[in-house]
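Note sheet for the following structure.
We did not get these values from a lab; they are worked out from the coordinates using the rules stated. These figures come from a predicted structure and were not determined experimentally. Cβ placement follows ideal geometry from the backbone for every residue including glycine, while neighbour counts extend to all protein chains displayed.
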Amino acid sequence: MMQRFQNKVVCITGGSDGIGLATAKRFAAEGAHVYFTGRRQDRLDAAAAEIGHGAIGIQGDVGNGSDLDRLYERIGKDHGRVDVVFANAGISESAALGQIDEAHIDRLFDTNIKGTVFTVQKALPLMGAGGSVILAGSGAGSKGFPALSMYSATKAAIRSLARTWTTDLKHKGIRVNVVSPGMIFTPAMHAYLDANPGMEDGMKQMTPFGRLGEADEVARAVLFLASEEGSFVAGDELFVDGGFVAV
Ligand code: NDP
């Protein structure tokens, strides 16, 4: 195992399950001090045991600014800095155009946009040159998917945030990029497939590589963007989708 993140301080929102958990495991195994969040304490405890290497789970909702303040206060107290932020926490919800209501829009934008904005904004006082921010986008932010317009809108906006923040943060030497998964097996995906029987075959057909991805395949892309190997990659979007967006 490479040790690209020896003593680096890494913060992952939504790190107690799915893609965030897979990413936390990889960073921790490569020597990072990992802090990760989620809303459910029991999941945080289980994930901390799974990640090992002293990873610390901190309960909080990314839609709640004071929870994020508590997270960064703790990281600041322990290390005085954060080197990598993976703003991964996000939710997906579908609604046909006629069914979209204000509550649906608010839930998606509160978590996926407001949560991402405050996750990054509140990390900045602890970040310096060489810092790396990775935002969780989605193939759905670039391609139509039935009844997913509000989710897709949040994920298309994530790309705009990364491009704008690349210019805003260049003077600090902080790179901002997006990792955009296609259809990946995670608890969120399993819940979606349970609610929509028969969708799995359709998803495989929409993906040139003919299968769904694994969370660890996304994690490996996140570590590339965060590492020195990605030192000149800025304001970019890396699709990890088996070709879903390309066709
Ligand atoms: P999961 O639902 O499997 O895991 C989400 C994680 O985020 C959990 O740890 C969950 O814990 C946490 N979380 C959810 N909401 C919040 C919140 N408001 N505040 C803090 N933590 C939260 O999701 P995935 O791993 O599938 O997705 C991760 C990211 O990747 C998301 O942004 C998603 O949109 C994106 N993505 C995923 C795809 C896929 O196919 N899986 C495809 C494209 C994009 P808890 O519930 O306890 O809070």
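How big is the range 9-239 by Rg and Dmax over its Cα atoms, in Å?
Every Cα atom of the range 9-239 included, Rg and Dmax give 16.8, 49 Å.
To the nearest 20 debye, what is the magnitude of the charge dipole of the range 131-247 about its Cα centre, counting +1 on the Cβ of each Lys and Arg and -1 on the Cβ of each Asp and Glu? Write out the running numbers ahead of the final one.
Details: 10 positive and 12 negative charges, 90 e Å.
Dipole size: approximately 420 debye.
For residue 70, put the label point 7 Å out on the Cα→Cβ axis and report which residues of the range 1-43 keep their amide N under 12 Å from it.
Answer for the range 1-43: 38-41.
Can you give me the long-range amide H partners of residue 93? Hydrogens built in the peptide plane at 1.01 Å from N, cutoff under 5 Å, separation of 5 or more residues or another chain.
It is 151, by chain and number.
Taking the Cβ of residue 178 as the centre, find all other residues whose Cβ is under 11 Å away and add up their charges (Lys, Arg: +1; Asp, Glu: -1). Before the final figure, lay out each step's value.
Numbers: positive: 155, 159, 163; negative: 236, 237.
For residues surrounding residue 178, the net value is +1.
Please give the net charge around residue 103, taking every other residue with its beta carbon less than 11 angstrom from that of residue 103, where Lys and Arg add +1 and Asp and Glu add -1. Intermediate results must be reported in sequence, preceding the final value.
Details: positive: 107; negative: 93, 101, 102, 106, 110.
Net local charge, residue 103 excluded: -4.
So which of 172/204; 114/170; 8/204; 25/122; 143/172 end up more than 31 Å apart by C-alpha? All intermediate terms of the calculation are to be shown ahead of the outcome.
Details: 172/204 42 Å; 114/170 22 Å; 8/204 37 Å; 25/122 24 Å; 143/172 33 Å.
Cα-Cα > 31 Å for 172/204; 8/204; 143/172; rest within.
What's the extension gain from residue 201 to residue 247 if we count 0.36 nm per residue and subtract their Cα-Cα distance? Before the final figure, lay out the partial values.
Numbers: separation 46, 0.36 × 46 = 16.56 nm, distance 1.70 nm.
14.9 nm is the gain from fully extending residue 201 to residue 247.
Can you tell me how much longer the chain between residue 193 and residue 79 gets when fully stretched, taken as 0.36 nm per residue apart minus their C-alpha distance, in nm with one decimal? List each step's numbers first, then the result.
Numbers: separation 114, 0.36 × 114 = 41.04 nm, distance 4.08 nm.
The span from residue 193 to residue 79 would gain 37.0 nm if fully extended.
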